[in-house]
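The values are calculated or read from the model by the stated rules, or taken from the named source; none is laboratory data. Please read these numbers as outputs of a predicted model, since none were measured by experiment. Cβ placement follows ideal geometry from the backbone for every residue including glycine, while neighbour counts extend to all protein chains displayed. Side chains are part of the model used for accessible areas, which takes the heavy atoms of the whole protein and leaves out ligands, DNA and RNA. Shrake-Rupley method; radii C 1.70, N 1.55, O 1.52, S 1.80 Å.
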Amino acid sequence: MASVLWLDFEGVAVEAGLTDAIIAEFGTHPPAEGGDGSERSLAAEIATFEAPREEVESRVRELARLREGFEELVGWAQWHGWLPIVISTAPDVCVETVLEDPEFDRVTRHCGRTRQVYRWRLTYASPRGVELEEGFLLSYAAALRDAGDLVVYVGEQVGGEQAAGMAFASCTGGALREALGEGERAHGFTTLDDVREVLEQEGEAWKAAFASGRG
């Protein structure tokens with residue numbers, strides 16, 4: 001059994017809005033107003049890119065702003081027996097480029113994967129390697145549950161409701177916190193220091209409760 005700290009990318013690893021900014025700059029048309037951020041809509045938007053990958057990656061490095069406290073949260077988690085995993089529908093051209101720093105070599109990440117053969121293509125695969133058009137986050141939530149892992153979900157983005165609901169506990173902020181509310185094992189956060197403090201206060205009790213089957 002692993003104690004998994006599920007970290008969203010947008011709003012947790014980086015300040016929110018990076019993927020939208022890249023799509024707005026490199027897509028042949030701007031993101032649809034009120035777009036749902038689903039796998040299908042992101043794939044359709046990425047498919048309109050015409051720039052070479054190196055140019056997109058360079059721009060990601062210029063625009064990305066690591067969220068304050070992210071490095072510290074990852075380091076604390078690894079030191080205290082948590083396995084931090086970044087799981088997001090954001091494309092690898094954003095996720096992998098931001099996390100290329102050696103500081104994050106031990107942080108596993110699962111995200112959309114892009115290829116550029118004549119044109120850009122963004123695809124998603126389940127933990128079993130099955131290509132998906134939707135349900136990417138749920139496939140990982142189910143796989144972690146079926147593996148018997150304790151999962152604490154950390155995120156802010158609307159779209160993570162079901163994955164957060166499948167986790168043993170959650171720390172949510174922004175729009176996701178408004179959508180889910182708070183409860184016994186559902187905490188809100190404003191800063192990533194808040195997340196660390198919740199884990200310091202509740203983490204060992206959650207591990208004990210989960211191990212005993214009281215979750």
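Worth pointing out:
Listed here are the residues, each with its yes/no results for (1) among the acidic types (Asp, Glu); (2) modelled with pLDDT of 95 or more; (3) more than 30 Å from PHE49 (Cβ to Cβ); (4) open to solvent by 40 Å² or more (accessible area, probe 1.4 Å).
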site	(1), (2), (3), (4)
ALA77	no, yes, yes, no
GLY112	no, yes, no, no
GLY129	no, no, no, yes
SER170	no, yes, yes, no
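- Selection status of LEU5, in a strand (DSSP E or B), touching a helix residue (DSSP H, G or I) at 6+ places or on another chain (Cβ under 6 Å) and either at pLDDT below 95 or not aromatic (Phe, Trp, Tyr) (or both): yes
- Residue count for the range 134-168, restricted to those that are touching a Cys at 6+ places or on another chain (Cβ under 6 Å) and surrounded by fewer than 22 Cβ atoms within 10 Å (Cβ to Cβ): 0.
- Across the range 18-38, the qualifying residues are those that are open to solvent by less than 70 Å² (accessible area, probe 1.4 Å) and either over 20 Å from GLN116 (Cβ atoms) or among the polar types (S, T, N, Q) (or both), and the one among them that is modelled with the highest pLDDT is THR19.
- Hey, ALA43 assigned to a helix (DSSP H, G or I), within 25 Å of LEU5 (Cβ to Cβ), open to solvent by less than 40 Å² (accessible area, probe 1.4 Å) and not β-branched (Val, Ile, Thr) or not: no
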